[in-house]
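A.B. asks: Here it is, the structure in full.
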Amino acid sequence: MVRRRAVRRRGARRLARPARVAPSLCAPQRRQGLTPPPPPRQAGPMDPLDRLDATIRSRRDADAGTSYVASLFAKGRPKIAQKVGEEATETVIAALAEPDKLASEAADLVFHLLVLLADAGLSLDDVRAELARREGVSGHVEKASR
Ligand SMILES: N=c1c2ncn([C@@H]3O[C@H](COP(=O)(O)OP(=O)(O)OP(=O)(O)O)[C@@H](O)[C@H]3O)c2ncn1[C@@H]1O[C@H](COP(=O)(O)O)[C@@H](O)[C@H]1O
């Protein structure tokens, strides 16, 4: 009887302890990328991209003499689209020849792309929604289903 109670107590202690996974099982899993990714960073007013997107849309009726974004809107969509093309080319050149300039060129590209989206009445949220819709579907799988 005394022995059975001791066994029961040991069992309860074992249940109360958090489950441990041997480190030898964890490490290879992490290396193979099988552990879940960290939670996504929350977008919102503190995100520089969201702030930029809002600033760009707020320039729609601004003075083209004082606002570069307003001057782009005033020139029209073909000119904005041309700027996106130029910045994309500069980004590609940086990636291949001047990697230290890649982040800066990518910022120019994203900035002009946001202006183009705004001119077409779209925002970063529309791009987010499209990317969310695609989430988890491999490009290979999507292509094969066409
Ligand atoms: N992030 C940017 C940003 N990135 C790049 N640029 C401008 O984009 C322009 C690109 O220069 P280019 O020589 O390629 O183009 P360009 O001078 O128009 O020459 P052309 O194509 O006309 O020949 C430069 O004037 C850069 O300063 C930007 N201008 C503004 N912003 C952001 O937009 C906000 C609003 O800007 P304003 O509308 O000017 O108040 C700013 O507070 C910034 O946060």
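Where a number appears in this text, it was derived from the coordinates with a stated rule and is not lab data. Small disclaimer: the values here were computed from a predicted structure and weren't measured. Here Cβ is always computed from backbone atoms with ideal geometry, including for glycine, and neighbour counts include all displayed protein chains.
A.B. asks: What do you get for GluC sites (Glu not before Pro) in the stretch 46-146 restricted to DSSP loop and a cutoff of at most 16 other Cβ within 10 Å of the site's Cβ?
C.D. replies: When the GluC sites (Glu not before Pro) of the stretch 46-146 are filtered for loop state and at most 16 Cβ neighbours within 10 Å, GLU135 remain.
A.B. asks: Let me ask another. Would you compute, for the Cα atoms of the stretch 39-144, the largest minus smallest coordinate along each principal axis and list the three values in descending order, in whole Å?
C.D. replies: 48, 34, 28
A.B. asks: Whole-Hz ³J(HN,Hα) for each residue in the stretch 52-60, computed from phi via Karplus 6.51 cos²θ - 1.76 cosθ + 1.60 with θ = phi - 60°, x for glycine and proline: what do you get?
C.D. replies: Each residue of the stretch 52-60 in turn: 4, 4, 5, 4, 4, 5, 6, 8, 3 Hz.
A.B. asks: Moving on to the next point. How long is the gain from THR66 to GLU130 if the chain were fully straight, where each residue apart is worth 0.36 nm and the alpha carbon distance is subtracted?
C.D. replies: So the extension gain works out to 19.7 nm.
A.B. asks: Also, quick follow-up: List the lysines whose Cα lies under 20 Å from the Cα of LYS101, skipping any in the same chain that are fewer than 8 positions away.
C.D. replies: LYS83
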